[in-house]
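Enquirer: Input: one structure, supplied below.
None of the figures in this text is laboratory data; all of them are computed from the coordinates on show. Keep in mind that what you see is a predicted model, and the values were worked out from it rather than measured. Cβ placement follows ideal geometry from the backbone for every residue including glycine, while neighbour counts extend to all protein chains displayed.
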Amino acid sequence: MRRFDPREVKRVVVKVGTSSLIKSEKLELDLDRIDALVDDLASVRGMGVQPILVTSGAIGTGAGKLGLKSRPKDIPTQQAAAAVGQTLLMHAYARSFDRYGIPVGQMLLTRDDFSDRRRYVNISHTLNSLLRCGAVPIINENDTVAVEEIKVGDNDMLSAYTALLADAELLVILSDTDGLYTADPRRNPEARLIEVVEEITDELRGYAGGAGPVGTGGMDTKLAAAEIVTGAGGYMIIANGAERMVVTRILRGERIGTLFLPRRKRLSGRKRWIAYSPRRKGFIRVDKGAYEALVKRGASLLASGIIGVEGEFKFGDTVGVLDEEGREFARGLVNYSSDEIRKIMGLKTSEIESVLGYRYYDEVIHRDNLVILER
Ligand code: GLU
């Protein structure tokens, strides 16, 4: 089992949820809580680690300011609430970080920023230069313009994608409980805190309940985030946001909350993106021989091993690779479109040209553009 060594951490993404930031009766920002969080992040910086904050709270705070009684359900009102709340949120952080002379930079993102390679590279430059300039990046979903279809959807997932984008070794999700329990600790006195997770099993998923009254995520979205982060070779911790200086203490080596261990060696930047960019345009099904060649020998995917194609995709799109049973075991960038692959599947590489009239590539997916997913 790999151990967590906090000295490996150079960058940490910290996610804080609405329920840790606002007073739920009044839907108003809890400025003491914000100051406490900022104290913690400033201290993390003092340790030589770069913090990146993913924060919720825009819609909730905006709803309060607009005099609404609860978090709005319809999209236009949510967008309006987010527009109002996001400025209040940033103002509160900027003011709080100012106590330390630390500038903050706002980045509002949507799913397309992660799934489109060009936008992804672009936002990664923004993030890196903010850090280089000494600012703390503060990230939220762009709720004012994002409609359901283009949203990441919840900030647990957004924080996982941010951890990949930032190449952070650690994601800390601050929650309103101490971590992942075997049952709901508010209702069941037998509930036990799970300290270390090596593998995200169905049993574990069974422990995860839904969200509280104001947030959008629950333990299930946190597990989905853990799946991404640990699958790319990173660590994730769920800890209680109400604890004092919790991120600092984690980085000093205190064992706090639930720790998720990496399921593989760290993936490089491009491979991280290929494996976890939010959208796959289609799937390619391969036979047993190709499966073995890809998984055991690190080979490229050739047309001869392909037995099926699902969806419509173009050159350069991300697809999932399925085994004969339909289980997705790899993801990669294709050199041929779905229409082309339908014509050449099962053929030898030397036969491609006689069918298509050209052969740009020998491989349908080159091994450099292919990531085997750890199960
Ligand atoms: N982006 C939303 C907000 O700031 C929160 C989403 C979430 O908490 O998952 O209100």
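Enquirer: Which net charge results when you count Lys and Arg as +1 and Asp and Glu as -1 among the other residues whose beta-carbon is under 11 Å from that of Thr55? Please list the in-between numbers first.
Expert: Values: positive: Lys15; negative: Glu141.
My count for the surroundings of Thr55 gives 0.
Enquirer: What is the distance in Å between the Cα centres of the range 51-93 and the range 147-165?
Expert: 17
Enquirer: Please compute the volume of the convex hull spanned by the alpha-carbon atoms of the range 1-159 and report it per residue in Å³. Display every interim value, and only then the final one.
Expert: Details: hull volume 20.9 nm³, N = 159.
For the range 1-159, the hull spanned by Cα atoms encloses 132 Å³ per residue.
Enquirer: Only Lys, Arg, Asp and Glu count, each charged at its Cβ (+1, +1, -1, -1), so figure out the dipole size of the range 1-155 about its Cα centre, rounded to 20 debye. Don't skip to the end; give the middle numbers.
Expert: Values: 22 positive and 19 negative charges, 80 e Å.
Computed about the Cα centre, the dipole is about 380 debye.
Enquirer: Roughly what would the spin-label model give for Glu25 and His125, points 7 Å off Cα along C-beta, in nm?
Expert: 5.0
Enquirer: Something else about it: Test of understanding: ordering Lys23, Lys10, Lys69 by Cβ neighbours within 10 Å, fewest first, what list do you get?
Expert: Working: Lys23 15, Lys10 12, Lys69 8.
Ordered from fewest to most neighbouring Cβ atoms within 10 Å, Lys23, Lys10, Lys69 come out as Lys69, Lys10, Lys23.
Enquirer: Another one. Can you put Val49, Val12, Val295 in order of Cβ neighbours within 10 angstrom, beginning with the fewest? Working shown, then result.
Expert: Numbers: Val49 21, Val12 26, Val295 15.
In increasing order of surrounding Cβ atoms, one gets Val295, Val49, Val12.
Enquirer: Please report, for the Cα atoms of the range 39-115, the Rg to one decimal and the Dmax as a whole number; what are they, in angstrom?
Expert: 14.8, 43
Enquirer: Percent relative contact order of the range 216-299, based on C-alpha pairs within less than 8 angstrom and at least six residues apart?
Expert: Computed value for the range 216-299: 30 percent relative contact order.
Enquirer: Rounding to the nearest 20 debye, state how big the charge dipole of the chain is about its Cα centre with +1 on each Lys and Arg Cβ and -1 on each Asp and Glu Cβ. Walk me through the intermediate numbers first.
Expert: Details: 54 positive and 52 negative charges, 166 e Å.
The dipole of the chain has a size of about 800 debye.
Enquirer: Something else: Under 19 Å Cα to Cα from Lys10, which aspartates and glutamates show up? Leave out anything in the same chain fewer than 8 places away.
Expert: Asp39, Asp40, Asp167, Glu169, Glu254
Enquirer: Where a Cα-Cα gap under 18 Å defines reach, which aspartates and glutamates qualify for Lys69, not counting those fewer than 8 residues away within the same chain?
Expert: The reachable aspartates and glutamates, counting only those whose Cα sits under 18 Å from Lys69, are Glu25, Glu28, Asp30.
Enquirer: With a cut-off of 8 Å between alpha carbons and a minimum separation of six or more residues, what is the relative contact order of the chain in percent? The partial results should precede the final answer.
Expert: Numbers: 762 pairs, mean separation 55.9, N = 375.
This gives 15 percent for the chain.
Enquirer: Rg to Rh for the range 149-199: what is it, with Cα atoms only and Rh by Kirkwood? Don't jump to the answer; show the numbers that get you there.
Expert: Values: Rg = 14.3 Å, Rh = 13.3 Å.
Rg/Rh: 1.08.
Enquirer: Let me ask something else about it. Relative contact order for the range 277-375 using alpha-carbon pairs under 8 Å, separation at least 6, rounded to a whole percent?
Expert: Numbers: 200 pairs, mean separation 31.4, N = 99.
Relative contact order here is 32 percent.
Enquirer: Most mobile of Phe283, Phe114, Phe260 per a Gaussian network model of the chain (Cα springs, under 10 Å)?
Expert: Result: Phe283 has the largest fluctuation of those listed.
Enquirer: Please identify, among Pro262, Pro185, Pro137, the residue showing maximal mean-square fluctuation in a Gaussian network model of the chain using a 10 angstrom Cα cutoff.
Expert: So, out of Pro262, Pro185, Pro137, the one fluctuating most is Pro185.
Enquirer: Can you list the lysines whose alpha carbon sits under 24 Å from that of Lys15, skipping same-chain ones fewer than 8 residues off?
Expert: Reachable lysines: Lys23, Lys26, Lys65, Lys73, Lys151, Lys222, Lys265, Lys271.
Enquirer: May I pose another question? With N denoting the number of residues in the chain, provide Rg(C-alpha) divided by 2.2 N^0.38 Å, to two decimal places.
Expert: On the way: Rg = 22.3 Å, N = 375, 2.2 N^0.38 = 20.9 Å.
For the chain, the normalised Cα radius of gyration is 1.06.
Enquirer: Using a Gaussian network model of the chain with C-alpha springs under 10 Å, which one of Asn240, Asn128, Asn188 is most mobile by mean-square fluctuation?
Expert: Per the Cα network of the chain with a 10 Å cutoff, Asn188 tops the list.
Enquirer: Looking at Leu53, Cys133, Tyr336, which one has the Cα that reaches farthest to the positive end of the dipole of the chain (charges on Cβ: Lys, Arg +1; Asp, Glu -1)?
Expert: Checking the options against the dipole of the chain, the answer is Cys133.
Enquirer: Please arrange Tyr276, Tyr358, Tyr181 by how many other C-beta atoms lie within 10 Å of their C-beta, fewest to most.
Expert: Final ranking by Cβ density, sparse to dense: Tyr358, Tyr181, Tyr276.
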